[in-house]
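The values are calculated or read from the model by the stated rules, or taken from the named source; none is laboratory data. None of the values given here were measured: they were computed from a predicted structure. Note that we place each Cβ from the backbone using ideal geometry, even for glycine, and neighbour counts take in every protein chain shown. Note: areas computed on protein heavy atoms with side chains; ligands, DNA, RNA excluded. Shrake-Rupley method; radii C 1.70, N 1.55, O 1.52, S 1.80 Å.
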Amino acid sequence: MGPCAGMPLFLHDSASRGYVPFAPVDPARVRIYTCGPTVYRYAHIGNLRTYLLTDLLVRTLRYLGYGTFAVQNITDMGHMQQERLEAGEDKVIAAARAAGKSAGEIARFFTEAFFRDGARMAFLPADVYPRASEHVPEMIALVSALEDRGAVYGEGGYRYFDVTKAPGYGIFTGAGLGEAEPAERTDAGIHRHKKRSEDFTLWLPAEPGREFQWESRWGRGWPGWHIECAAMAIKYLGPEFDVHVGGIDLRFPHHENSRAVVVTATGKRFATVWMHASHLLVDGKKMSKSAGNEYSLDDLAAAPRPGGKGFSPADFRYCCLTLHYSSPMNFTWDGQEAAARARSRLQAAFRRAALLATSGEVAAEALRAEFLDAISDDLNMPRALAVAHKAVRSGIGGDVARSLAAEWDGVLAVGLLSEAGTEREAAAVGEREPEGVSGAVETLARQRDALRAVGDYAGADALRERILAAGYEVIDTGKETSRIVKR
């Protein structure tokens, strides 16, 4: 058990739209399912921010004394119709096919790239990474179970799920039947077979040239998107487990439909808690290849900076932690620069403190309590970072500083104590710290002033936590920020 066994944890549940006390069936084996990548391209920073949520959840649970069993699927057989692939809709796949590679080879290549990026981001590996292509028999069996319950219809090799058979359908959107968006992303042009827009494909006939196809009682074909995760989750976690994690864009239709499949087929509730990471924008815009703002970790590493060194994965991870996972993140190069500087200051401060005589034992216990309270409040990492910055100003030293850094970095994983540890190196890092307040922090302060002026103190407090996490403090006079100072 971890250092904080028995500490209550509260999480935001997307299904109930509220904060719930976390109560796993087996605290020694908290079961978690994460919707993983569709491996036909490199992961961009928005993908990585989403996957960070699972890592923070697992690290927090372990810190609190829970055991974990995490499953993250790999969708390795694609959802595009063959003619769309052959038209070169995705340039990466088109280039790979031009080089004579198969869809399977493409998937394996990008799966390995995904694992490398996860390691660079310090993500703890899942216990199981099921490949969708290796679990089609389970998907066929699940469709058959739904068919036996009268929840399936179709013709010509197409099989659709009848959402009117699913208890509680619409739990994520709150919309009644006929009010939500169409449920598909995989079968444009074949909606003529469907009774209603929300119904979705469970099985499709294989068109000529499709590499991935399987024999079934409905003919040769391939599974629909939503049946995939449902089948793999049931196999490794059972029809009821503790937490389902994914990006906010998957809440509908994917999670709505995956839940509907399992609830209808098994009569069980599927996931107890649903957690969703919010979007990442770049300079206020959606990432896209055409806009040229779809950045990878390699792009961050190659970014020009003073001194000629780009941003590390740990710098990006720190940047993500300055904002709560449920809040939209607007990535800017100024904001990333501010985060990298804050991380550098925090590292340098912990390293200097570690070289001092041991002190601050009493203060450390209060700091531990603050850190624990932050991460137990729906994984509030901006508050947790603020506690770390507070700690290095509290007089801790020696073994106390090293102990706190090691404990907290088990959750934060941003390298609070780097491998360099001599007094000369620690002093040099401190000397290299840039002076002044970053533009990104000044912008946050102005936004906070505006919120305070209209009485939105909750929003202002959230921005203050981001400023604290960036390594600064705001000193207020009346309704305006009088000055910003480094912590």
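Summary of packing: across the peptides 315-322, 108-115, 65-72, the per-residue average of other C-beta atoms within 10 Å ranks them, highest first, as 315-322, 65-72, 108-115.
Between the beta carbons of residue 279 and residue 357, assuming R0 = 45 Å, the FRET efficiency works out to 0.45 to the nearest 0.05. Modelled label-to-label distance, residue 113 and residue 249, 7 Å Cα→beta-carbon offset: nm? It works out to 1.6 nm between the two label points. Compared with the direct C-alpha span, the chain from residue 197 to residue 298 gains 32.3 nm at full extension, assuming 0.36 nm per residue. Per-residue extension of 0.36 nm, minus the Cα-Cα distance of residue 215 and residue 373, leaves a gain of 51.6 nm for this segment.
If you plug the beta carbon distance of residue 305 and residue 473 into 1/(1 + (r/R0)^6) with R0 = 25 Å, you get a FRET efficiency near 0.50. Expressed as a whole percent, the accessible area of segment 234-338 that falls on carbon and sulfur atoms is 51 (1.4 Å probe). If R0 is 45 Å, the Cβ-Cβ spacing of residue 149 and residue 326 corresponds to a FRET efficiency of close to 0.80.
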